[in-house]
1. For the residues E79, E33, E23, what sequence is obtained by ranking on other C-beta atoms within 10 Å, fewest first?
2. So for Y81, Y53, fewest C-beta neighbours within 10 Å to most, what's the order?
3. Using the structure shown, list the pairs from K14/K56; K32/K56; K14/K42 with a Cα-Cα distance above 20 Å, or answer none.
4. If neighbour count is taken as other Cβ atoms inside 10 Å, put R68, R76 in order from fewest to most.
Amino acid sequence: MNRNLFNTDEIVRKSGSHLTLAERGIIQALHKEGMSLRGIAKNVGCAHTTVYYELKRGTPPHKSNRGRITGYTAKRGQEAYTANRRHSNMLWANKLPLSLFDLPHALGKRSTGSGIARTSACSGAA
């Protein structure tokens, strides 16, 4: 039989793609079992730094020495991810082409009155 006709092969994550809620659930389960970051990353198919930052993102800060220590949850990680995406400049990607008035706001900079920034080093004073 020709192996190319079957789709039972393991799915490979595309490099640079964002984690899905299912992948965050896998990270949560494997982290709860005590698996290392590199082991989790190998199972999910991403870099170990991605797993580290995901665990950091989805774990709330411990506010006091009392009570139980809260751990990572996939739901909290997904909520933090969507909140960060909501505040990113990627929202401007859907509003292309930008007008000249929208460009400074999209870049997060204030526009100057003349459009030319002058500093004391460049003003020509000797």
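1. Numbers: E79 13, E33 9, E23 21.
In increasing order of surrounding Cβ atoms, one gets E33, E79, E23.
2. On the way: Y81 17, Y53 13.
Sorted ascending by nearby Cβ count, the order is Y53, Y81.
3. Too far apart for the 20 Å limit: K14/K56.
4. Numbers: R68 6, R76 17.
Arranged by neighbour count, lowest to highest, R68, R76 become R68, R76.
A short reminder: the numbers here are calculations on the coordinates, not readings from a lab. This is a predicted model, so every value here is computed, not measured. Positions of Cβ are generated from backbone atoms using ideal geometry, with glycine treated the same way; all protein chains shown enter the neighbour counts.
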